[in-house]
Each structure stands twice: as C-alpha cells, then as structure tokens.
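S.K.: Pasting in a structure now, in structure tokens, and then I'll have a few things to ask.
What follows is calculated from the coordinates using simple rules that are stated; it is not laboratory data. Predicted, not measured: the structure shown is a model, and the values here were computed from it. Glycine gets a Cβ as well: all are built from the backbone with ideal geometry, and neighbour counts include every protein chain shown.
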Amino acid sequence: MSEWIREPAVSGRFYPSEPRTLRESVVSYLGDCSREREAIVVVAPHAGYVYSGAIAGAAYAAARVPETVVVLGPNHTGAGARAAIITAGRFRTPSGDIAIDERLAGLVREKADLTEDTRAHAREHGIEVHLPFLWERRAEVRIVPICLGGLAYEDCARLGKAIADAVRAVGGRVLIVSSTDMSHYVPATVAARLDGLAIDRALSLDAPGLYETVTRHDISMCGLVPTTVALEAARDLGASDAELVRYGNSGDVNGDVDHVVGYAGLVVS
C-alpha cells in the first residue's frame with residue numbers, strides 16, 4: 001500500500017510555490033532567531049504571507065523548534081470529522097516533505113479518541129501555511145497534524161489533557177502550535193479592542209476564560225478551539241509564562257483599516 005501524501009492546497013496563493021523564493025520569504029520573516037527560547041506552545045496566524053508572514057515569523061523566531069511538533073489547526077472547509085488526526089504519511093511542501101511522527105500521533109489518537117480522517121486535511125490551509133516556517137527552523141521536523149472544528153469547551157479541555165498525557169508518554173521536547181487568525185473584517189480599532197480581550201486571556205494561560213470571552217463577545221477568532229486546546233495542554237505540561245511577540249492586522253499592509261483581519265503571535269513557556 002502506498003504512503004499517504006498530503007499535497008499542498010494553497011501553495012502559490014498564500015505563499016510562494018518556488019522553493020528558493022519561498023525560503024527567501026520565510027527567512028526574511030523570521031529575521032534574527034538568536035534569542036530563541038524553549039517553548040511549550042506557539043500561537044501564530046495562517047493568512048497569506050504578505051499579510052501575516054511577519055507576525056508568524058516573529059513567533060517562530062522566538063521559539064526553539066524541536067524534532068516533533070503537534071500542529072492544531074481550525075477546519076475552515078467544514079469537510080471531514082470535527083476532530084481529525086492523521087497518524088501516518090507526509091505533508092508535501094515546496095521545500096520538501098514533512099513526515100508525521102507516527103508514535104506520538106498514534107498515542108494522541110488513542111488517548112483523545114480522535115478520528116483518522118484525511119478529508120478534513122485535504123484542502124485546509126490552517127496547518128499548511130505553518131509548515132514552511134517549521135521546515136526552515138528545523139528541516140528534519142516531524143508533525144502531528146490535528147484539524148479541529150467546533151468543539152465545546154469541555155471537549156477542548158479533554159483533548160488538551162490527552163495531548164499533554166501523550167507528550168509525557170513519549171518524553172523529550174515537543175512543541176504545540178495553534179494556528180489562528182484573530183478578528184475578521186471589522187474596523188482596526190474594533191479588532192484591536194476585541195483581540196486584546198482574547199489575547200489577555202491567552203497571556204494569563206486561562207483556557208476557559210479565552211473560550212468564554214471569545215464566545216461572549218462574538219470575536220471571530222477562527223482558531224479559538226485549537227488555541228483553547230493548546231493552552232489546556234500547556235497548563236497541564238507546566239507552563240507558567242506567555243508573551244505576545246507581535247500583533248497587527250491586514251490594514252498594516254493594504255491600508256484598508258475599515259475591514260481588517262487581526263493577527264497575533266504568542267509564545268508560551
């Protein structure tokens with residue numbers, strides 16, 4: 001039976017498809033990585049690089065990337081299972097293929113009772129857009145890809161604990177990435193206010209508070225579920241500090257401050 005390979009869905013649209021151009025782009029967004037530190041979670045955006053690449057790059061430059069990364073992304077397409085994992089195969093990027101860490105992925109699937117489902121991942125960009133950054137920071141990186149739709153807070157909490165349990169079981173350093181953009185298509189002043197509420201909860205490592213705040217204020221944060229899960233896992237793994245590395249919005253690039261998408265890069269350690 002042939003190995004499953006997930007082909008890029010947004011290469012050439014969200015980021016360059018030519019390997020050399022892509023690497024030059026990613027390196028420019030990363031900038032100076034000399035102040036990297038050990039991290040448990042990175043929260044970073046997944047829009048087209050022209051809009052969010054600098055913020056994603058700042059977050060990835062601030063965190064050391066180990067050999068294995070659990071990447072939690074939202075399900076924008078609505079396809080497939082609500083909590084979908086892939087436990088074997090590769091994600092193809094213009095730079096090269098990134099293998100799935102089969103041991104950790106299998107443990108997470110078992111402990112969290114996730115669904116093995118390639119449909120949720122096939123056209124979803126939330127995880128894909130992060131892969132060139134992970135590749136540049138560590139070319140031999142392996143991932144555990146998890147695509148998440150709408151989940152209740154209690155389900156997020158259970159999944160976060162299951163991921164933490166699986167990480168402890170395999171031992172060694174594992175980074176958890178949450179892929180999310182913040183407010184969508186609102187004035188920049190509104191985005192800054194609403195996103196600030198959500199970011200404050202994340203910086204406090206308050207997963208239930210983040211979920212409640214985003215829900216109560218109707219903040220259009222597409223990666224609420226992945227970020228809640230990541231924070232739950234981080235707290236279970238002993239996280240004690242979080243930093244907002246950079247915040248901005250699409251209006252910083254295109255000048256339209258009336259209909260922006262917000263972007264935040266955070267590092268939890």
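S.K.: With an 8 Å Cα cut-off and a minimum separation of 6 or more residues, compute the relative contact order for segment 90-179 in percent.
M.R.: So the answer I get is 40 percent.
S.K.: Shifting gears a bit: Would you mind ranking S183, S28 by Cβ crowding within 10 Å, fewest neighbours first?
M.R.: Least crowded to most crowded, the residues run S28, S183.
S.K.: Another one. Run through segment 132-201 and list the GluC sites (Glu not before Pro) located in a DSSP loop whose Cβ has at most 16 other Cβ atoms within 10 Å.
M.R.: E140
S.K.: For the residues M182, M221, what sequence is obtained by ranking on other C-beta atoms within 10 Å, fewest first?
M.R.: M221, M182
S.K.: Sort Y247, Y49, Y211 by Cβ crowding within 10 Å, fewest neighbours at the top.
M.R.: Listed from fewest to most nearby Cβ atoms, that is Y247, Y49, Y211.
S.K.: How much length is gained if the chain between D32 and E102 is pulled fully straight, taking 0.36 nm per residue apart and subtracting their Cα-Cα distance, in nm to one decimal?
M.R.: Residue separation times 0.36 nm, minus the Cα-Cα distance, leaves 22.0 nm.
S.K.: Please state the shape class of segment 96-147: rounded when a/c is under 1.5, otherwise prolate if a/b exceeds b/c and oblate if not, all from the C-alpha gyration tensor.
M.R.: oblate
S.K.: Starting from the amide H of R6, placed 1.01 Å from N in the peptide plane, find each other amide H under 5 Å away whose residue is 5 or more places distant or on another chain.
M.R.: Excluding prolines and chain starts, which carry no amide H, the hits are R90, F91, R92.
S.K.: Do any GluC sites (Glu not before Pro) in segment 1-59 lie in a loop, going by DSSP, with at most 11 other beta-carbon atoms within 10 Å of their beta carbon, and if so which?
M.R.: Those that pass, being in a loop and sparsely packed, are E3, E38.
S.K.: Answer with a single label: of (i) 19.8, 66; (ii) 22.9, 71; (iii) 16.8, 53, which was calculated as Rg and Dmax of the Cα atoms in Å from the structure in view?
M.R.: Recomputing Rg and Dmax of the Cα atoms in Å here picks out (iii).
S.K.: Let me ask something additional. Just to check I understand the Karplus step: with θ = phi - 60° and J = 6.51 cos²θ - 1.76 cosθ + 1.60, what whole-Hz values come out for segment 183-190, glycine and proline as x?
M.R.: Rounded to whole hertz, the list is 4, 10, 6, 10, x, 4, 5, 5.
S.K.: Another question about this same structure. Between R246 and residues 5 or more places away or on another chain, which pairs have amide H atoms under 5 Å apart, with H built 1.01 Å from N, and which residues are they?
M.R.: The list, which skips near neighbours in sequence, is G265.
S.K.: Quick one: what are the phi-derived ³J(HN,Hα) couplings along segment 254-268, Karplus 6.51/-1.76/1.60 with θ = phi - 60°, whole Hz, x for glycine and proline?
M.R.: 9, x, 8, 9, 8, 9, 9, 10, x, 9, 9, x, 10, 10, 10
S.K.: Continuing with the same structure: Which trypsin sites (Lys or Arg not before Pro) in segment 26-71 pass both tests, a DSSP loop state and at most 13 other beta-carbon atoms within 10 Å?
M.R.: Those that pass, being in a loop and sparsely packed, are R35.
S.K.: Taking θ as phi - 60°, what are the ³J(HN,Hα) couplings along segment 47-52 by the Karplus curve (6.51, -1.76, 1.60), each to the nearest whole Hz, with x for Gly and Pro?
M.R.: These are the phi-based 3J(HN,Hα) values: 7, x, 4, 4, 8, 10 Hz.
S.K.: Which whole-number percentage describes the relative contact order of the chain, with Cα contacts under 8 Å and a sequence gap of 6 or more?
M.R.: Relative contact order here is 27 percent.
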